[in-house]
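Chemist: One structure, pasted below without further comment.
The values are calculated or read from the model by the stated rules, or taken from the named source; none is laboratory data. Just so you know, these numbers come straight off a predicted model, no measurement behind them. Don't worry about glycine lacking a Cβ; one is built from the backbone with ideal geometry, like all the others, and counts go over all protein chains shown.
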Amino acid sequence: MTTEPERGKSASEPGGELECPKCGLLNPPRSRHCRDCGAHLVVRCQSCGHRNERAASHCAKCGHRLHRSVWRRWRKRMFLRNYEFAPWHVGLLIVFVALVFYVVVKIAEFNFSSVFRP
């Protein structure tokens with residue numbers, strides 16, 4: 001049993017005031033920011049460009065998902081498709097290993113007897 005995603009309200013509907021998702025204040029129909037707290041009231045669909053209420057999860061016009069989770073945004077920036085490693089991952093790993101090696105060598109060379117004198 002698959003349910004259709006609930007589509008949000010259009011932010012450009014005539015006569016409809018926009019309720020702020022943060023503070024609950026009703027704002028004029030064409031507002032972009034809340035008059036009280038300054039929060040964004042609308043979000044544009046990445047697929048069709050339609051203006052939707054910020055609280056909506058899917059576009060009122062095309063049904064595209066409006067918000068991504070933090071994990072999905074981070075994953076898209078960090079990995080290629082299917083968690084493949086990018087070339088810069090290897091470079092970052094080499095730098096990290098070199099840094100750990102440097103710290104271990106410096107700790108091994110450190111003369112602890114000069115610090116802990118009785």
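Chemist: Pull up region 21-79, narrow it to residues that are in a strand (DSSP E or B) and among the hydrophobic types (A, V, I, L, M, F, W, C), then point me to the one that is surrounded by the fewest Cβ atoms within 10 Å (Cβ to Cβ).
Modeler: Step one: filter region 21-79 for residues in a strand (DSSP E or B), giving 26-27, 33, 40, 42-44, 51-53, 58, 65.
Within this subset, residues satisfying the condition of being among the hydrophobic types (A, V, I, L, M, F, W, C) are 26, 42-43.
Values: Leu26: 12, Val42: 18, Val43: 18.
Result: Leu26.
Chemist: Restricting to region 2-31, name every residue that is at pLDDT 85 or above and under 21 Å from the mean Cα position of the chain (by Cα).
Modeler: Within region 2-31, Cys20 is the sole residue that qualifies.
Chemist: Do you know which of the residues in region 33-54 that are touching a residue at least 40 places away in the same chain (Cβ under 8 Å) and not basic (Lys, Arg) is farthest from Glu17 (Cα to Cα)?
Modeler: Quick first cut of region 33-54, residues touching a residue at least 40 places away in the same chain (Cβ under 8 Å) only: 50-53.
Adding the requirement that they be not basic (Lys, Arg) leaves 50, 52-53.
On the way: His50: 17, Asn52: 12, Glu53: 10 Å.
Among residues in region 33-54 that are touching a residue at least 40 places away in the same chain (Cβ under 8 Å) and not basic (Lys, Arg), the one farthest from Glu17 (Cα to Cα) is His50.
Chemist: Further question: Any idea which of (1) in contact with a strand residue (DSSP E or B) (Cβ under 9 Å, 6 or more places away or on another chain); (2) at pLDDT 80 or above; (3) over 30 Å from His89 (Cα atoms) is the one Cys37 doesn't satisfy?
Modeler: Answer for Cys37: the failing condition is (1).
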